Structure formats: C-alpha cells, structure tokens
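Report on the following structure.
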Amino acid sequence: MKTSIEPHFIHQFIPATRPDLGITLLLLHGTGGNEQDLLPLGHELLPGAALLSPRGRVLENGMPRFFRRFGEGVFDTDDLKFQTHELNEFIKAAAQEYGLEQNKFVAVGYSNGANIAASLLLLHPHTLAGAILFRPMVPFTPEFDPDLAHKAVLLSGGMRDPIVPRNNTKSLAEMLTRFGAEIEVFWHQGGHELGQDDLTAAEQWLSRKVAL
Ligand code: MLT
C-alpha cells in the first residue's frame, strides 16, 4: 500500500468492518514473511477488526525481518531498539492517516514479529493496549523499568521449539509480570510452527480482552 506515512514501511491496512470493536490488530510477521502473511490470522482472531500489517525493513539473505541479528537468537540490540522506535513512529503516523484510536492497538506477533512487539512494550509502553506473542524471547533487559500496568499479554510458547528455549519465554513472562502486565502463558504441544491450539488460545484470550 502506497501512502505518505513516515517513517515508511511497506504495509497493508484493512479497515474495520466492525468499528464498534475499536481495536486495531498490529500484525508482525516472522523471519522471511511479509505484510500479507498474518492477514488471514488477523481476520480469524478478531473478525471485523481493523488490521495494520507492516513488513520488516531489514533483509537477511533476502528474507524480511524487523531487526538485525548476529545469529539465531543473538540480537543486534542497537538495531532492535532503533527499529522499535521507527515502528513506534510508523504506528502513530498510521493511526493518524487511517483515523485509528492511538491506544487501542493489540500486537499479534509471530517469532521475529513477537520479539519486536515485546521490545515495543518495553520501550514504548503506551503504544500497545496488549499483545499476543507467538514463540517470543526476551528481546533485551531494559535500562528503565516500563510501567506495564493494565497491559494484557498472551505468550504462546512451543513445548518442543528448537529455536526458542522454554526458559526464555518463561523469563519474558516473568519480566513483563514484574513490570505490571497481566500475563497469560499458553504452551503449544509442538515446536516453532503455529498450531490450531495456538489460534484457539489466542481467539479465546482476545474475546475475553476485547473490552481492553
Ligand atoms: C529472531 O531472530 O527474532 C528469533 O530468532 C526468531 C526468528 O526470527 O527466528
């Protein structure tokens, strides 16, 4: 979608067909994905909600990502923080362009997308009302403790995930709890891939939280 939104992210925006929901799902894809990937998931999780889906601006061997890394699970923290600030500015500008309520964004991130969503919670705690994080890791330990009171976060880890150790997802849950967020953790029985059980858990969580 071509717009004058700055900073520029290639993105898809799908307006709400149920504006009464008030919520915009911010869809953040995994490594090698793009802005189309999570649109079906967004429609399924909260039918009728507005969807904002940017493409990560970093390329790793041609694969889009939201930030650079030195190796699997080893993040370039400077770039992660820079890209998080850029994404935050993009969300604010997109909210203005499309007439969306600023404090009603719920991130739905998978893998690399979940990690930048976690980073967004830590660096810009006012931007998201909540987040669904599929296969997330601790992005970094913040210098200053963010106030995450009233932020609802679902973390969905994989019992047999070869990429994200369970302890890492648990550490993120503990960190977000320490900062005041309302955390729920779901364990998918398989690995890094998303399963129907993840979707059911996320759908149920979202329907309980829709009045965020
Ligand atoms: C990341 O780099 O964000 C994580 O290792 C997950 C991934 O994208 O593979």
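The values are calculated or read from the model by the stated rules, or taken from the named source; none is laboratory data. Because the structure is a prediction, the values reported are computed rather than measured. We place every Cβ from the backbone using ideal geometry, glycine too, and count neighbours over all the protein chains shown. To get the accessible areas, we keep the full protein, side chains included, count just its heavy atoms, and leave off ligands, DNA and RNA. Shrake-Rupley method; radii C 1.70, N 1.55, O 1.52, S 1.80 Å.
Scanning region 79-109 for residues being in contact with a helix residue (DSSP H, G or I) (Cβ under 8 Å, 6 or more places away or on another chain) and either open to solvent by 20 Å² or more (accessible area, probe 1.4 Å) or within 16 Å of the ligand (Cβ to nearest atom) (or both) gives a total of 12.
Residue count for region 166-199 satisfying the condition of being under 15 Å from the mean Cα position of the chain (by Cα), over 20 Å from His29 (Cα atoms) and either assigned to a helix (DSSP H, G or I) or within 16 Å of the ligand (Cβ to nearest atom) (or both): 2. Ala202 falls short on exactly one of the conditions (1) closer than 22 Å to Pro47 by Cβ; (2) open to solvent by less than 30 Å² (accessible area, probe 1.4 Å); (3) within 15 Å of the ligand (Cβ to nearest atom), and that condition is (3).
If we keep just the residues of region 1-58 that are acidic (Asp, Glu) and touching a helix residue (DSSP H, G or I) at 6+ places or on another chain (Cβ under 7 Å), which is modelled with the highest pLDDT?
Glu44
Scanning region 24-52 for residues that are open to solvent by 10 Å² or more (accessible area, probe 1.4 Å) and farther than 30 Å from Arg68 by Cβ yields His43, Glu44, Leu46, Pro47, Gly48.
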